[in-house]
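The values are calculated or read from the model by the stated rules, or taken from the named source; none is laboratory data. Model, not experiment: these values are computed from the prediction. When we count neighbours, we look across all protein chains shown, and the Cβ atoms used for this are built from the backbone with ideal geometry, even at glycine.
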Amino acid sequence: MGDTAPRQRAIITVASKPVMPPYIKMRHDAGRNRWLILAPERLFDPDQIAVEILKLCDGQRTVADIVAVMAKEYNAPTEEIEADIVAMFQDLADKGVVKA
């Protein structure tokens, strides 16, 4: 066997700058009027709020920046949505949909 190290799990924090790798595509399905995330051999069907969050993933904004935008957009307390957004990004990072 080779000397390949196991893949390290990316831990998402408010300082992380999530971005979708180039092989992950987010496409709008006009026929069904919904967004889909296309990954190698997988398909994800995010809800509307997840889509809005993912549209902000540019590798420049931090999770804290994204939380602030969403808190303002939805008139929600930052503390209440921060944990949900971090958890969403962690789940997507574990699945290889975003990297940080």
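Going through (1) modelled with pLDDT of 95 or more; (2) over 13 Å from the mean Cα position of the chain (by Cα) one by one, Gln8 falls short only on (1). A single member of Glu52, Glu80, Glu73, Glu41 is within 20 Å of Ala15 (Cβ to Cβ), surrounded by fewer than 17 Cβ atoms within 10 Å (Cβ to Cβ) and not aliphatic (A, V, I, L, M), and it is Glu80. Can you find a residue that is over 17 Å from Ala100 (Cβ atoms) and either in a loop (DSSP other than H, G, I, E, B) or out of contact with any strand residue (DSSP E or B) (no Cβ under 8 Å at 6 or more places or on another chain) (or both) anywhere in the stretch 22-30? Looking for residues that are over 17 Å from Ala100 (Cβ atoms) and either in a loop (DSSP other than H, G, I, E, B) or out of contact with any strand residue (DSSP E or B) (no Cβ under 8 Å at 6 or more places or on another chain) (or both), one finds at least one in the stretch 22-30, hence yes. The set of residues in the stretch 32-64 being assigned to a loop (DSSP other than H, G, I, E, B) and farther than 13 Å from Leu92 by Cα consists of Arg32, Asn33, Pro40, Glu41, Asp47, Leu56, Asp58, Gly59, Gln60, Arg61, Thr62.
Going through (1) at pLDDT below 95; (2) touching a helix residue (DSSP H, G or I) at 6+ places or on another chain (Cβ under 8 Å) one by one, Trp35 falls short only on (1). The combined condition, being out of contact with any His (no Cβ under 9 Å at 6 or more places or on another chain) and surrounded by 12 or more Cβ atoms within 10 Å (Cβ to Cβ), is fulfilled by Pro46. For Arg9, the criteria (1) touching a residue at least 40 places away in the same chain (Cβ under 8 Å); (2) part of a helix (DSSP H, G or I) hold in every case but one, which is (2).
State all residues of the stretch 4-20 that are loosely packed, with under 11 Cβ neighbours inside 10 Å and closer than 13 Å to Gly96 by Cβ; if no residue qualifies, say none. Arg7, Gln8, Arg9 - these are the residues of the stretch 4-20 that are loosely packed, with under 11 Cβ neighbours inside 10 Å and closer than 13 Å to Gly96 by Cβ.
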